[in-house]
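Beneath this line is the structure, given in structure tokens, with notes to follow.
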Amino acid sequence: MIDKAEKDSMATQHVDHYHKTSTPFSLIVHDVDARSCQEESEPQDALHKLLTDSSLDYRPFTKEQSDARIKQIKVEAESRKNEFARLLEEHAQVIRRLKQIEEDGAAIGGTNA
């Protein structure tokens with residue numbers, strides 16, 4: 001088993017790197033696993049905080065409210081889908097126009113040479 005001091009020493013590693021052609025810099029790597037081990041030592045405290053957090057507001061919804069919200073989400077998704085399709089078509093038109101301009105420019109440039 002790893003004691004706390006050893007775990008803390010593994011949690012953050014500092015690397016100093018010097019290269020002849022560049023300025024010196026330091027790279028700090030935090031050990032995610034070590035941090036999660038520390039957090040897991042107090043799971044009941046974290047759960048208690050989540051359950052007693054006053055910013056969490058749980059209000060049960062009726063079936064009608066849930067159905068209305070689902071319908072609203074579907075309508076919004078359909079609207080975004082249609083807007084995205086319109087933007088894709090607009091983009092395709094711009095690309096076609098740019099290609100046409102390039103072809104016209106190449107044709108004009110080819111006759112002047």
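Just so it is clear, none of the values below were taken in a lab; they were calculated from the coordinates. No experiment lies behind these values; they were computed from the predicted model shown. Counting neighbours? That spans all protein chains shown, and the Cβs are built from the backbone with ideal geometry, glycine included.
First check a/c for segment 64-112, with a ≥ b ≥ c the square roots of the eigenvalues of its C-alpha gyration tensor; if it is under 1.5, answer rounded, and if not, answer prolate when a/b is larger than b/c or oblate otherwise.
prolate
Can you compute 3J(HN,Hα) from phi for each residue in segment 66-72, using the Karplus curve 6.51 cos²θ - 1.76 cosθ + 1.60 with θ = phi - 60°, rounded to whole Hz and x for Gly and Pro?
5, 4, 5, 5, 4, 4, 4
What is the sum of charges, Lys and Arg at +1 and Asp and Glu at -1, for the other residues whose Cβ falls under 11 Å from the Cβ of F84?
Taking every other residue near F84 into account, the sum is -1.
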